[in-house]
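**Student:** One structure, pasted below without further comment.
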Amino acid sequence: MPEPMSPVSFPSTFLWGAATSAYQIEGAVREDGRTPSIWDTFAHTPGKTAGGDHGDVAVDHYHRYRDDVALMSGLGLGAYRFSISWSRVQPTGRGPAVQRGLDFYRRLVDELLAKDIKPAVTLYHWDLPQELEDAGGWPERDTAYRFAEYAQIVGEALGDRVEQWITLNEPWCSAFLGYGSGVHAPGRTEPVATLRASHHLNLAHGLGAKALRSVMPARNTVALSLNSSTVRPLTQDAADLAAARKIDDLANGIFHGPILHGAYPESLFTATRQLTDWSYVQDGDLATINQPLDALGLNYYTPALVSAAGPDHSGPRADGHGTSEHSPWPAADDVLFHQPPGDRTAMGWSIDPTGLYDLIMRYEREVPGLPLYITENGAAYDDKPDPDGRVHDPERIAYLHGHLAEVRRAIADGADVRGYFLWSLLDNFEWAYGYEKRFGAVYVDYTTLERTPKSSAHWYGKAARTGTLPEVDEVF
Ligand code: IFM
């Protein structure tokens, strides 16, 4: 029986966290043996990121992690999700680990534990060691085996002190934006490579989960974070429903099919058969990928609204993933993306908290009994300090309130959602958008790197401390 809840309260065990990723915050890209990842290379390639921004310094978390942990502690957060930079640990993506790299993460974890903040480690948040991309990257099968080796190294090093593990973050972005539209590193625009990369990311998840479990205490949990999309058809016409089905397969089924159910959707094979015969799916792969999971992480920002393309249409557009003449979606030129009505964030993403509710309930139905975590949710706004130095961000508070209220509604309706990680703790390097887009609950002055908690940080901190959502207009 779900715990009874008052209208704004969450279960007492609910985990209130914040999330970041290595390349977006750490900086120190040449320190302690770290070598370039695909994002170092991509960001330093002219024209790839807004303003030529890169993560060389980012918000210097590598040197300021103690202050950042103190900030979280001051706000009263209970958990922190961060990722490990693969090339800091294994500079060539293979072979022995660099102890200094691992030591940084040990210090970070110890600092968190000392402040009673639960660490949640993501092994891969898009920053493939450049040497592995030079060898072919995710479209090559060997990359999955390299990931398993890396997972084992990190599991051995941190498994005694980190209980929550996430293999991959948003494999859709790695495959479809990295190898499809090319708006993310490594910037390739090869539809078949997108599908091959997807399969090898799935394989990496399965091999990585096995590797982690082989070296970690049994109490630790293994999950992955999907940016599963709530795909809505523009109308209930058969053609629009088919378009939504196709995008659902390409956004969701391509990952959760093999990972959660041990099979790719047949309709995905049908939709893509002119591009590929999927012969890179080898015997035994699906069983390897379909590892039992302890939890599923869902990252949610905005829903997708799609229809069948009319006859005068020439390819997908307006799908909120950056601008590129190349579609991220292989075999989907017959699908149109639409801007849903209503308010938008500074990313241009429409705000629809019911999409989060729908996503949660979908997985509750698809994998009943599997605990869910919202491993990312948040919004970018054009935040600026007031003359008094404070940063007021009422839009972000409204966004968080709306989405957390939907999480609570899902729990009340029986969903087993165990926690929520706000994206992001700090303003940071927003990939191709550089530092232009601010997702942080904590404002970062990019000249001084000084941190200032925005009013949303105080609002969220109060929610975390009390387990209850403050009113949107409460003054902080
Ligand atoms: O900043 C990203 C993060 O790295 C992955 N999920 C989406 C966020 C906002 O775009």
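The values are calculated or read from the model by the stated rules, or taken from the named source; none is laboratory data. Everything numeric in this text was worked out from a predicted model, so none of it was measured. Note that each Cβ is placed from the backbone with ideal geometry, even for glycine, and that neighbours are counted across all protein chains shown. Keep in mind that these areas ignore ligands, DNA and RNA; they rest on the heavy atoms of the full protein, side chains included. Shrake-Rupley method; radii C 1.70, N 1.55, O 1.52, S 1.80 Å.
**Student:** What are the lysines whose alpha-carbon lies under 20 Å from the alpha-carbon of residue 437, with same-chain residues fewer than 8 places away excluded?
**Tutor:** Straight-line reach from residue 437, under 20 Å: 48, 384, 454.
**Student:** Right, another one. Which value in deg cm²/dmol, rounded to the nearest 500, describes the helix-derived mean residue ellipticity at 222 nm for the chain, given -39,500 (n - 2.57) per DSSP H run of n ≥ 4 and division by the residue count? Please list the in-between numbers first.
**Tutor:** Details: 14 runs with 160 residues, N = 476.
Calculated at 222 nm, the ellipticity per residue is -10500 deg cm²/dmol.
**Student:** Cα gyration tensor of region 333-476, axes a ≥ b ≥ c as square roots of the eigenvalues: rounded (a/c below 1.5), prolate (a/b > b/c) or oblate? Numbers along the way, then the final one.
**Tutor:** Values: a/c = 2.01, a/b = 1.36, b/c = 1.48.
Oblate is the answer for region 333-476, as a/c is 1.5 or above yet b/c matches or exceeds a/b.
**Student:** Okay, moving on. For 121, 215, give me the order by solvent-accessible area with a 1.4 Å probe, most accessible first, ignoring ligands, DNA and RNA.
**Tutor:** Numbers: 121 0, 215 45 Å².
Sorted descending by solvent-accessible area, the residues read 215, 121.
**Student:** Here's something else I'd like to know. Label-point separation (nm) for residue 30 and residue 45, each offset 7 Å from Cα along Cα-to-Cβ?
**Tutor:** The modelled label-to-label distance comes out at 2.1 nm.
**Student:** Please list 3J(HN,Hα) in residue order for region 423-432, calculated via the Karplus relation 6.51 cos²θ - 1.76 cosθ + 1.60 where θ = phi - 60°; whole Hz, with x for glycine and proline.
**Tutor:** 9, 9, 4, 10, 3, 7, 6, 8, 6, 4
**Student:** Let me ask something else. For residue 436, what residues show an amide H to amide H distance below 5 Å, using hydrogens built from the backbone and excluding near sequence neighbours?
**Tutor:** 430
**Student:** With the Cα gyration tensor of region 235-296 giving a ≥ b ≥ c as the square roots of its eigenvalues, does the rule (a/c under 1.5 for rounded; else a/b larger than b/c for prolate; else oblate) give rounded, prolate or oblate?
**Tutor:** On the way: a/c = 3.70, a/b = 1.46, b/c = 2.54.
It is oblate, given that a/c is not under 1.5 and a/b is not larger than b/c.
**Student:** When the chain is fully extended, how far beyond the present Cα-Cα distance does residue 56 get from residue 149, taking 0.36 nm per residue of separation?
**Tutor:** On the way: separation 93, 0.36 × 93 = 33.48 nm, distance 2.65 nm.
Net length gain for the segment: 30.8 nm.
**Student:** Hey, another quick one. In Å², and per residue, what accessible area does the chain have when probed at 1.4 Å with the other protein chains present? Present the calculation step by step, with values, prior to reporting the outcome.
**Tutor:** Numbers: 17460 Å² over 476 residues.
Per-residue accessible area for the chain comes out at 37 Å².
**Student:** Along the charge dipole of the chain, Cβ charges K/R +1 and D/E -1, which of 42, 435, 225 sits furthest on the positive end?
**Tutor:** 225
**Student:** Give a residue-ordered list of calculated ³J(HN,Hα) values for region 205-221 (Karplus: 6.51 cos²θ - 1.76 cosθ + 1.60, θ = phi - 60°; whole Hz; x for Gly, Pro).
**Tutor:** 4, x, 5, x, 4, 4, 5, 4, 5, 6, 10, 10, x, 4, 6, 6, 10
**Student:** Next up: Report residue 337's accessible area, 1.4 Å probe, all protein chains in place, as a number in Å² to the nearest 10.
**Tutor:** 20
**Student:** Among 74, 10, 54, which residue has its Cα positioned farthest towards the positive end of the charge dipole of region 1-81, with +1 placed on the Cβ of Lys and Arg, -1 on the Cβ of Asp and Glu, and the dipole taken about the Cα centre?
**Tutor:** Value: 10.
**Student:** 5 Å is the cut-off here: which amide hydrogens, built 1.01 Å from N in the peptide plane, fall below it relative to residue 426, excluding neighbours closer than 5 in sequence?
**Tutor:** Counting only residues 5 or more places away or on other chains, the set is 441, 442.
**Student:** Given a cut-off of under 8 Å on Cα pairs at least six residues apart, what relative contact order in percent is computed for the chain?
**Tutor:** Values: 1023 pairs, mean separation 83.9, N = 476.
Value for the chain: 18 percent.
**Student:** With +1 assigned to the C-beta of every Lys and Arg and -1 to the C-beta of every Asp and Glu, and no other charges, what is the dipole magnitude of region 247-315 about the Cα centre in debye, to the nearest 20? Please list the in-between numbers first.
**Tutor:** Working: 1 positive and 8 negative charges, 21 e Å.
Dipole of region 247-315, to the nearest 20 debye: 100 debye.
**Student:** For residue 184, which sequence-distant residues (separation of 5 or more, or a different chain) have an amide H within less than 5 Å of its own amide H, given hydrogens modelled in the peptide plane?
**Tutor:** 178
**Student:** Give me the percent of Cα-Cα pairs in region 9-146 that sit more than 26 Å apart, rounded to a whole number. Could you put the intermediate results ahead of the total?
**Tutor:** Values: 2756 of 9453 pairs.
Everything past 26 Å amounts to 29 percent.
**Student:** Taking the dipole about the Cα centre of the chain, with the C-beta of Lys and Arg at +1 and of Asp and Glu at -1, give me whichever of 410, 306, 89 is farthest to the positive side.
**Tutor:** 89
**Student:** Just report the Cα centroid separation between region 165-198 and region 1-70, whole Å.
**Tutor:** Distance between centres, Cα-based: 19 Å.
**Student:** Please label the shape of region 220-365 as rounded, prolate or oblate, based on the square roots a ≥ b ≥ c of the eigenvalues of the alpha-carbon gyration tensor (a/c under 1.5 means rounded; beyond that, a/b larger than b/c means prolate, else oblate).
**Tutor:** oblate
**Student:** Would you kindly derive the ³J(HN,Hα) couplings of region 399-414 from the backbone phi angles with the Karplus curve 6.51 cos²θ - 1.76 cosθ + 1.60 (θ = phi - 60°), listing them in order in whole Hz, with x for Gly and Pro?
**Tutor:** Listing the rounded values in order: 4, 5, 4, x, 6, 5, 5, 6, 4, 5, 4, 5, 5, 4, 8, x Hz.
**Student:** Got a number for the accessible area of residue 392? Probe 1.4 Å, square angstrom, nearest 10.
**Tutor:** Number for this one is 80 Å².
**Student:** Starting from the 7 Å offset along Cα-to-Cβ, what nm value, one decimal, do you get for the label separation of residue 471 and residue 218?
**Tutor:** A separation of 5.1 nm, rounded to one decimal place.
**Student:** Can you tell me, using C-alpha contacts under 8 Å and at least 6 residues apart, the relative contact order of region 218-281 as a whole percent? Don't skip to the end; give the middle numbers.
**Tutor:** Details: 36 pairs, mean separation 13.9, N = 64.
Worked out over region 218-281, it gives 22 percent.
**Student:** Counting only Cα atoms, I'd like the Rg/Rh figure for region 61-125, Kirkwood definition for Rh. Intermediate values should be presented prior to the final figure.
**Tutor:** On the way: Rg = 12.6 Å, Rh = 12.4 Å.
Value, to two decimals: 1.01.
**Student:** Counting Lys and Arg as +1 and Asp and Glu as -1, each charge on the Cβ, what is the dipole of region 132-191 about the Cα centre in debye, to the nearest 20? Write down the numbers at each step before the final one.
**Tutor:** Values: 4 positive and 10 negative charges, 29 e Å.
Around 140 debye, computed over region 132-191.
**Student:** Kirkwood hydrodynamic radius (Cα pairs, Å) of the chain? Display every interim value, and only then the final one.
**Tutor:** Working: mean 1/r = 0.0448 Å⁻¹.
About 22.3 Å for the chain.
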